[in-house]
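Read the structure below first, then the notes.
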Amino acid sequence: MTSLITNSSAMNALQSLRSVNKGLGQVQDRISTGLKVASGKDSAAYFQISETMKGDSGAYDAINEGLTLTKNSVATARLGAETITDLAQQFLDKVAFAQGAKGGEAEIENDLKELVKQMTTTLSQSTFNGDDMLAAGATAGAAAVVDTATGAFTSRTVASTGTGAASSRNVVTGVTRAGAAYNTTTIAVDTYDMKKLVADFSALATGFSANATAATGAAFLSGALKSSESVLSDVTNIATKLGQSEKSVENQQEFLNKLVANIDSGVGSMIDADMEEEAARLTALQTQQQLATQALSIANQGPQNVLSLFR
């Protein structure tokens with residue numbers, strides 16, 4: 001039966017066209033945004049999970065940026081400590097040379113003082129962005145007292161391991177999430193009062209010539225050599241520990257880089273659109289749209305055919 005009031009074929013064709021247009025709109029949105037889940041409307045579960053993981057990824061990325069500053073500070077301090085270690089070795093070599101030298105003590109003392117100046121300069125430059133991990137700006141305090149007769153220290157300002165003047169700072173390296181709560185994980189990075197050790201070298205260099213040529217000169221030189229070795233050991237320990245701290249930070253950064261990459265990859269697999277699939281779907285829907293439009297046109301022409309019956 002053909003009806004002028006109700007055109008069932010046209011209504012069915014219109015419904016099909018609306019469905020195709022709706023799908024076409026979704027595909028176009030995915031192509032333009034690159035996302036198959038752009039809001040909770042698309043997939044509530046995936047949207048909630050992806051937003052949570054994005055928050056974790058952002059937190060790890062921010063921590064990684066903070067670790068970069070810490071690593072640069074530690075690397076600068078390590079470089080300064082290693083440079084001072086080299087100067088300290090030269091200091092020790094000159095004191096050792098004085099053991100068998102006949103004369104030239106004044107020149108040796110000048111060389112020792114010059115090395116101390118270089119240590120002081122190196123120390124003052126071993127900061128990064130104002131971060132001082134070698135206490136270059138700190139008050140040196142009393143240097144070790146050198147016995148002018150034996151050349152040995154009668155009192156020490158730092159422990160023989162070089163860690164007596166160390167202080168720790170906790171550096172955030174990650175977060176762990178328990179529900180909505182976040183807990184931070186940290187590692188301890190030590191800072192050292194290298195200025196005290198430089199002051200110890202300065203104490204050894206001061207009056208070196210007079211003490212080395214005194215009646216107890218041989219004993220002084222022997223003790224000064226042992227004292228220099230002791231301070232050199234402290235400086236070397238500091239450079240070593242700073243190197244270990246720098247390596248720890250680098251390892252943590254490498255882990256965070258991989259972790260962020262894995263999280264971002266996992267989130268992408270949940271919410272990113274498959275562009276190859278969307279391209280194929282777009283072509284199919286465009287074809288369906290054309291066919292549905294043609295079907296609607298044919299269905300709308302049906303009632304007009306009734307006119308031929310009244311001719």
- Residue among A62, A44 that is surrounded by fewer than 16 Cβ atoms within 10 Å (Cβ to Cβ), within 30 Å of V249 (Cβ to Cβ) and at pLDDT 85 or above: A62
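Would you kindly identify the helices (runs of 4 or more DSSP H) lying entirely within the range 189-276 that contain at least 1 residues that are under 21 Å from the mean Cα position of the chain (by Cα) and closer than 27 Å to E65 by Cβ?
Working: elements: 194-205, 208-212, 217-271.
In the range 189-276, 217-271 are the helices (runs of 4 or more DSSP H) which contain 1 or more residues that are under 21 Å from the mean Cα position of the chain (by Cα) and closer than 27 Å to E65 by Cβ.
For the range 119-142, indicate whether the set of residues that are at pLDDT 75 or above, part of a helix (DSSP H, G or I) and in contact with a Lys or Arg (Cβ under 9 Å, 6 or more places away or on another chain) is non-empty.
If we filter the range 119-142 for residues that are at pLDDT 75 or above, which is where we start, we get 119-135.
From what is left, the residues that are part of a helix (DSSP H, G or I) are 119-125.
Cutting the leftovers down to in contact with a Lys or Arg (Cβ under 9 Å, 6 or more places away or on another chain) gives us 120, 123.
Checking the range 119-142: at least one residue is at pLDDT 75 or above, part of a helix (DSSP H, G or I) and in contact with a Lys or Arg (Cβ under 9 Å, 6 or more places away or on another chain).
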- Residue among A239, A205, A210, A224 that alone is modelled with pLDDT of 90 or more and either open to solvent by 30 Å² or more (accessible area, probe 1.4 Å) or among the charged types (D, E, K, R) (or both): A210
- Any chance the range 23-33 includes a residue that's in contact (Cβ under 8 Å) with a residue 24 or more places away in the chain, of a type in the set (G, A, S), in a helix (DSSP H, G or I) and more than 30 Å from Q294 (Cβ to Cβ)? no
- Does the range 252-271 contain any residue that is of a type in the set (A, V, I, L, M), open to solvent by 40 Å² or more (accessible area, probe 1.4 Å) and farther than 20 Å from T33 by Cα? yes
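Is the range 286-293 home to any residue that is touching a helix residue (DSSP H, G or I) at 6+ places or on another chain (Cβ under 9 Å), open to solvent by 30 Å² or more (accessible area, probe 1.4 Å) and without any contact (Cβ under 8 Å) to a residue 24 or more places away in the chain? I'd like the intermediate steps shown before the answer.
Let us first name the residues in the range 286-293 that are touching a helix residue (DSSP H, G or I) at 6+ places or on another chain (Cβ under 9 Å), namely 286, 288-289, 291-293.
Going one step further and asking which of them are open to solvent by 30 Å² or more (accessible area, probe 1.4 Å), we end up with 286, 288-289, 291, 293.
Going one step further and asking which of them are without any contact (Cβ under 8 Å) to a residue 24 or more places away in the chain, we end up with 291.
Checked the range 286-293: at least one residue is touching a helix residue (DSSP H, G or I) at 6+ places or on another chain (Cβ under 9 Å), open to solvent by 30 Å² or more (accessible area, probe 1.4 Å) and without any contact (Cβ under 8 Å) to a residue 24 or more places away in the chain.
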- Would a scan of the range 97-104 turn up a residue that is surrounded by 15 or more Cβ atoms within 10 Å (Cβ to Cβ), assigned to a helix (DSSP H, G or I) and touching a Leu at 6+ places or on another chain (Cβ under 9 Å)? yes
- Task: Return yes or no: is T76 open to solvent by less than 40 Å² (accessible area, probe 1.4 Å), in a helix (DSSP H, G or I) and out of contact with any Lys or Arg (no Cβ under 9 Å at 6 or more places or on another chain)?
- Result: yes
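Which of the residues spanning the range 47-59 are surrounded by 15 or more Cβ atoms within 10 Å (Cβ to Cβ) and either within 30 Å of Q286 (Cβ to Cβ) or small (G, A, S) (or both)?
F47, S50, S57, A59, listed by residue number.
Does T173 satisfy the condition of being outside any helix (DSSP H, G or I) and open to solvent by less than 10 Å² (accessible area, probe 1.4 Å)? Before you say what the answer is, go through the steps one by one.
On the way: outside any helix (DSSP H, G or I): yes; open to solvent by less than 10 Å² (accessible area, probe 1.4 Å): yes.
Spelling it out, T173 is indeed outside any helix (DSSP H, G or I) and open to solvent by less than 10 Å² (accessible area, probe 1.4 Å).
The values are calculated or read from the model by the stated rules, or taken from the named source; none is laboratory data. As the structure is a computational prediction, the values presented were derived from the model and not from experiment. Cβ: placed from backbone, ideal geometry, glycine included. Neighbour counts: every protein chain shown. The area values use the complete protein model at the heavy-atom level, side chains included, leaving out ligands, DNA and RNA. Shrake-Rupley method; radii C 1.70, N 1.55, O 1.52, S 1.80 Å.
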